[in-house]
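Here the structure comes first, spelled out in structure tokens, and everything after it is commentary.
The values are calculated or read from the model by the stated rules, or taken from the named source; none is laboratory data. Being a predicted model, the structure only gives us computed values, none of them experimental. Glycine gets a Cβ as well: all are built from the backbone with ideal geometry, and neighbour counts include every protein chain shown. Side chains included, ligands, DNA and RNA excluded: accessible areas come from the protein's heavy atoms. Shrake-Rupley method; radii C 1.70, N 1.55, O 1.52, S 1.80 Å.
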Amino acid sequence: MSEPGRDTRLILSDVKVRELAALFGTPLYVLDEGHFRTRIRRYREAFRQAWPECEVTFASKANSTLAVLAIAYEEGCLIDAASEGELRAAIAAGVPTHRCHLHGNNKSFAELEFAFEVGVGQIVVDHFVEIEQIFELQQTYHRCPDLVLRLAPGVDPVTHEKIATGQADTKFGFNIANGAADRAVGVMLGLNLPLVGFHCHIGSQLLDSEAHYAAAEVVAEFAIGQWRRDRFMARVLNLGGGLGVRYLDTDEPPAVEDHCRRLVDGVVEGLGGFNLQPKLVQEPGRALIAESGVTLYRIGAIKTVPIGDGKSRTYLAVDGGLSDNARPALYDAKYSVRGIPADAREEGGEVPVFDDLAPVLDRFTVAGKHCETDTLFADVLLPHDLQVGDYLQVLCTGAYNSSMASNYNRFPRPATVLILEDGTPELVQRRDTWDEMFAREILPQRENR
Ligand code: LLP
């Protein structure tokens with residue numbers, strides 16, 4: 001994906017940034033449909049080349065805007081829903097329920113019931129009580145979605161500790177190390193539940209495939225173990241998502257082709273020559289959508305402050321913040337940021353843009369407008385002559401930005417615009433309205449009010 005010398009991320013031209021900001025306001029999430037479709041096609045093709053019997057599931061937590069889910073489905077993806085809400089989003093986007101998988105480490109009985117009711121294709125089972133609940137629902141409904149067992153393979157990936165999930169010390173899935181996973185298979189087979197295979201997801205934003213390789217090997221070995229013990233033949237091995245993307249110019253995630261090959265190598269190693277021919281599944285979120293999106297902000301204040309030793313820091317305050325991108329605050333996430341002048345500035349009769357001028361760069365700290373420190377991007381290099389009213393374009397924000405947005409400080413969440421394949425921008429999620437902001441409130445009635 002990040003071939004040397006080629007930037008795979010969506011980057012809007014300065015003209016486009018100004019046009020979209022004028023049409024839709026800021027902050028604004030922008031997604032490019034053609035870019036997203038190309039990413040999905042490339043991922044699916046890379047996987048198919050490595051292992052023909054395969055499926056790609058879009059992890060909808062990365063971005064569950066309905067337009068995004070509809071495109072992912074049209075491109076042949078299954079949809080991974082981590083909650084009833086995400087499942088309802090997929091249904092609202094027109095995805096047939098048999099193409100949806102339900103995840104969750106603590107699904108409520110009502111969530112499971114909803115999944116049975118609508119007929120999801122698969123449930124990823126996470127703990128023992130859930131097995132009993134599914135059994136109960138099967139008795140009621142006289143049918144049951146395919147079940148896969150989530151495994152904790154005990155593989156430590158190299159990523160931020162808050163997005164690592166594969167190690168043994170995790171709330172997710174059945175531990176292989178302590179025998180819980182073996183017991184779970186026994187219980188499910190004993191109850192005659194439609195267990196079809198195994199699942200793992202070891203973490204997110206992984207910039208090399210070694211942990212994926214190791215986990216794939218462990219899961220395949222585990223599957224072989226179940227064949228030896230119970231003659232249980234796994235038909236599906238779902239190896240989760242987690243392939244990293246290029247947030248910074250210096251990030252070099254593996255090309256998806258290399259990643260898929262490495263993952264399949266791990267499976268082949270784990271199968272150890274056994275003639276088990278499972279369908280392999282991956283469920284990437286970020287790797288499919290992150291690089292297809294950018295966020296646009298407008299600079300509203302510029303302030304230079306002393307920081308000691310005769311040095312200073314210049315803050316650019318933008319019209320969004322941790323409510324539209326919580327990732328810097330949560331995970332110390334870093335982003336590539338570009339500055340765009342509000343209007344093409346006249347210089348010597350020309351109409352220059354920063355890009356053409358090879359601008360002189362300075363270090364800035366970009367802050368949000370929340371009522372706390374709210375640093376979005378510390379010490380980023382931007383054109384030195386940025387002014388109030390100019391724009392910032394933040395790259396690679398298609399994943400885990402809009403889906404994690406909040407109304408903190410009563411900020412309306414930003415709109416999302418989709419750039420269609422013919423270049424037309426189309427609003428696919430509008431900004432929160434003030435009516436919506438207060439729609440849930442029940443102000444207790446008192447005499448003096
Ligand atoms: N499958 C499962 C079971 C997952 O838990 C996840 C992500 C994925 C697939 C997709 O992972 P991806 O391919 O997107 O890395 N909010 C965090 C990311 C948390 C991801 C949690 N699970 C962030 O902003 O980085």
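Averaging sequence separations of C-alpha pairs under 8 Å and six or more residues apart, then dividing by the length of the chain, give the relative contact order as a whole percent.
Computed value for the chain: 19 percent relative contact order.
To the nearest 0.05, what FRET efficiency results for residue 363 and residue 208 with a Förster distance of 30 Å applied to their C-beta separation?
0.50
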| remark: Everything considered on the Cα gyration tensor (a ≥ b ≥ c; rounded for a/c under 1.5, else prolate if a/b is larger than b/c, else oblate), the range 51-284 must be described as oblate
| request: Rounded to the nearest 0.05, what FRET efficiency do residue 144 and residue 443 give with R0 = 45 Å and r taken as the Cβ-Cβ distance? Could you check? | output: 0.50
| note | Checked the range 291-432 with the C-alpha gyration tensor, a ≥ b ≥ c its square-rooted eigenvalues, rounded below a/c of 1.5, otherwise prolate if a/b is larger than b/c and oblate if not; verdict oblate
| query | Of all accessible surface on the chain at a 1.4 Å probe, what whole percent is carbon and sulfur? | reply | 49 percent
| request: Skip the ligands, DNA and RNA, and give the accessible area per residue of the chain with a 1.4 Å probe, whole Å². | output: 44 Å²
| remark: So residue 375 and residue 275, fully extended at 0.36 nm per residue minus their Cα-Cα distance, gain in nm 30.6 nm
| field | In degrees, nearest ten, helix 109-118 long axis to first principal axis of the chain (Cα) | value | 80 degrees
| message | If I model a spin label as a point 7 Å beyond the Cα along the Cα-Cβ vector, how far apart are those points for residue 304 and residue 109 in nm? | response | 6.6 nm
| Net lengthening on full extension, residue 66/residue 136 (0.36 nm per residue, minus Cα-Cα) | 22.0 nm
| note | Across the chain, qualifying lysine pairs (alpha carbons under 26 Å, at least 8 places apart or different chains) come out at 20
| query | What is the magnitude of the charge dipole of the range 51-284 about its Cα centre, with +1 placed on the Cβ of each Lys and Arg, -1 on the Cβ of each Asp and Glu, and no other charges, expressed in debye to the nearest 20? | reply | 600 debye
| For residue 191 and residue 312, FRET efficiency with R0 = 45 Å and r from the beta-carbon atoms, rounded to 0.05? | 0.10
| request: Distance between Cα centroids, the range 130-153 to the range 377-449: provide it in whole Å. | output: 39 Å
| Out of the DSSP beta bridges found with both residues in the chain, what percent are antiparallel (nearest 5)? | 50 percent
| note | Low-density loop trypsin sites (Lys or Arg not before Pro), the range 1-92, at most 15 other Cβ within 10 Å, DSSP non-H/G/I/E/B, are 6
